[in-house]
Amino acid sequence: MKTVITMHFSIKCVVVLLTQFVSVLRGELFTSNAHLQTALYAEKDIASLLNSYVEQEQMRLDKIKKLADDYDTHSNTALENIDSYLGNPVNAFLLIKRFTLDWDRDVLPVVSNNSWDSMFREIEQARTDLPSYEDLKGAASALMRLQDTYLLDTSKVAHGNLGGVKSPELTAEDCFELGRICYNEGDFYHTKLWMQQALVEREVQDEKMKQEEEAEAEEEDLVPGGKIMGEEEDMEDMEDDNSLKKKRGRAEMIDFLAFAHYKSSWMCLLSECPPAECFLLGRLSYVDQDFYHSSLWMQAALEKEGEEKLKTVKRMDALDYLSYSKGVLGDVTQALELTNELLKIDPNHERAVNNKRYFEVMLRDPKRKVPDQERPGYQLNRDEYRNSKEFLTYEALCRDEITTRPKHRLTCQYRTINHPILLLQPAKEETVHFDPWVVVYHDVVSDQEIRQIKQLATPRLNRATVQNAKTGALETASYRISKSAWLKGEDHPVVEKLNQRMQAITGLDMDTAEELQIANYGLGGHYEPHFDFARKEEKDAFKSLGTGNRIATFLNYMSDVEAGGATVFPYIGLKLFPKKGNAAFWYNLYKNGDGIYNTRHAACPVLVGTKWVANKWIHERGQEFRRPCATGEDE
C-alpha cells in the first residue's frame, strides 16, 4: 500500500522536471488564470501518453498506470469548470506543485529506463504548456500575499477554509514545501507560519497512522497461528525504518523553523526550544544590536527557565540582557522592573546598579518617547511604503474593514444625452462618489460580448507592465500581477461596438483613446495603489502617443469574483466589487488639466475566483469641445 502511495505522488511530478529547461521560452503561467488553463489540457495529453506507455510496460510500470488514471480523473474534474477550479489559488498551487517538486522527487527515478526514451520525446512536445519552478514560486508568493492582505489563518487555510470558501486541504508535506519556498526567498515570517503548521499536520498524520497500525495489530492477534516465522522480525525492522524517517522529517521541519525564528520571530517555539537555545539566540541578536529580537528570545528563555528542574540558563544573565534590550527599545518601565529583579538576585551587580540609575533618570524625563504598539508579524519585514497609512488603508479596504458614509445623497438615473445608441437602451448610471466623481454603469457589456472578447484576447495575453517613472520604459513589477492584451476596433465588430457604446455613455471621443486593454489576473492577482494619469514630473509618460494625458478611465468588469478583487480608492474610502457586465468611470484630470490625486486606486488581490477586466483610457486630445477647458483656475 505504501509503495502505491509513493508512486501516486511520484508521477504527479514527472512532467514538470522537463519544464525547468524551457522556462525562459514561455510566459509566467501564474500571472494569468487563462494561461494556467493550458496546464490542465497538457496534463490530459500527458495522461494519454502515460497510458500508452503503461500498456507496453504493464508488468514493470503498474505504478505509472495508477498515476495516469489520477491525471485523467484530475484533469477531467478540473476541466468541467475551469474558472471555478483555477479561481481557487490553493488548487492552482497544488496543480503547479504536482508538476515540479513531486515530479523530481518521486517520478524521475522510476521512469529512468530505456523504454522511457520514446515517451520522453513525446512529452517534450507537450512540456511547453506546463508550469515551471518560477510558477511554483509565484503561486506560493500569491498565497502569502493573500494571507497577509486578508489576514487568513494558516491553520484554516491548511484545513481547506480559504476566507470562508471551501478549498482543498494541505498535507504536512504541502505545508513544509510552502515554508521551504518562503525560506529560499528570505521570507522568514511565512517560513515560520508554514513550518509550524507542517509540524502540527505531521503530528496529526503520525497519530492517525499509529491508530491504523494498532488496529491492524489487533486484527492480526485474532488470526489463529499468529505470524509466520521471520515476519515479526521484518515488521520490527520496517517499524524502526518508519520511525527513523518520521524523526528525520520532523527534524528537517524544526531545522527550518528554528532559523526562521532566529531571523524574524517574536516568540519561541515552546515545545522545541530549550531555554539554553533561546538564550543563545537572544545573545546572538544582542551582539547584532537587534534588541527587538534579543528581548523576545530572552523573554522566552526566562519563561522556560522557570519550568526547568536542572537549570541550563542563569536567570541573572537573561535578566541582564533583557533589561538592557527593553531600555534600548524605549520600554523603560519594564527595563527598570527587570533590573530590580536582577538586583534581588545579586545586589552588587555593577552593571545593573548603573542601569537602574540610568532608567530612573529616563523615567523622570518629560520628553521621553513612549514606544509604539507592536506591529503585526507580517509587517515587520516590509518596506516603509507597505507599512504606510496609504497601503494599510488599501489593505483594510480590501478586507472590507472600512465603511465610509457618503457626504452627499447618491443618485441613480437613466442616461441618454440624446445619443441614438442610448435612446432605445439608456445607460443605467449609479453615482457612487461625488468628489471626485465616480459612477458605475450597469449592464454595459453582455455575456456574449464578454465571451467573444476573452476569446480574442487570450492568445495575445502577455505579462502586464508598468511605466518606470524615471526612464519611461515599460517593465514588469511584483506589485502588478496580471496579463494583458490590447484589442483594436478593427480586430472584431464586438470591440468596435463596445468602443462606440463607451463614447455614447461618456460623451468623450474614443479616436484618441488607447486601445482596449484586456487584463486577466493570475494567482492572488493584484495592482497596488497607483494613478492612471501621468503626474507633472512624468513628462514623457505618454509622449509617444501624442494625445496628451489620460483624462478619464472606463473600467469594464468582465467576470464576477467569488472573493477579493475589489477596486479600492484609499483616499476616499471607496470600494467597488466586480460585477460581470458592469463598468466604473471617473475623470483623472480636472478641467484645467491638473491631476485629481484622490483618484489613486488599486486592484485588491483575487482571493477566490477569476478576474477579467477591460480598460479604456481616454486622452485629452479630441475632447476640447466635448469637455471644454475650465474658465476658472481651480476647476
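The values are calculated or read from the model by the stated rules, or taken from the named source; none is laboratory data. Note that the structure is a prediction, hence the values are computed from the model and not measured. Note that each Cβ is placed from the backbone with ideal geometry, even for glycine, and that neighbours are counted across all protein chains shown. Heads up: the accessible areas ignore ligands, DNA and RNA and are worked out on the full protein's heavy atoms, side chains in. Shrake-Rupley method; radii C 1.70, N 1.55, O 1.52, S 1.80 Å.
Below is a table of values for the structure above.
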| read-out | value |
| --- | --- |
| For S118, net neighbour charge (Lys/Arg +1, Asp/Glu -1) across residues whose Cβ lies under 12 Å away | -3 |
| Residue-normalised accessible area of the stretch 283-368, given per residue in Å² at a 1.4 Å probe | 60 Å² |
| Gyration tensor verdict on the stretch 512-584 (Cα atoms; rounded if a/c is under 1.5, prolate if a/b is larger than b/c, oblate otherwise) | prolate |
| Accessible-area composition of the stretch 118-203, carbon plus sulfur, in percent [1.4 Å probe] | 46 percent |
| Environment charge of K356, counting only residues whose C-beta is closer than 14 Å and scoring Lys/Arg +1, Asp/Glu -1 | -1 |
| Accessible-area value, S155, 1.4 Å probe, nucleic acids and ligands omitted, Å² | 40 Å² |
| Accessible heavy-atom area order of I450, I402, I572, highest first, probe of 1.4 Å | I402, I572, I450 |
| Carbon and sulfur %, accessible surface of the stretch 492-602 computed with the full protein complex present, 1.4 Å | 46 percent |
| Of K454/K611; K389/K536; K428/K580; K488/K536, those spanning more than 18 Å from alpha-carbon to alpha-carbon | K389/K536; K488/K536 |
| Accessible area of H492 in the full protein assembly, 1.4 Å probe (Å², nearest 10) | 60 Å² |
| Between the stretch 70-99 and the stretch 306-366, the Cα center-to-center distance that results, in Å | 56 Å |
| Three-way shape label, the stretch 475-566, alpha-carbon gyration tensor, a/c 1.5 | oblate |
| Candidate residues E624, E57: accessible-area rank, largest first, probe 1.4 Å | E624, E57 |
| Accessible-area value, M144, 1.4 Å probe, nucleic acids and ligands omitted, Å² | 10 Å² |
| Simple spin-label estimate for Q500 and D69 in nanometres, 7 Å along Cα-Cβ | 5.7 nm |
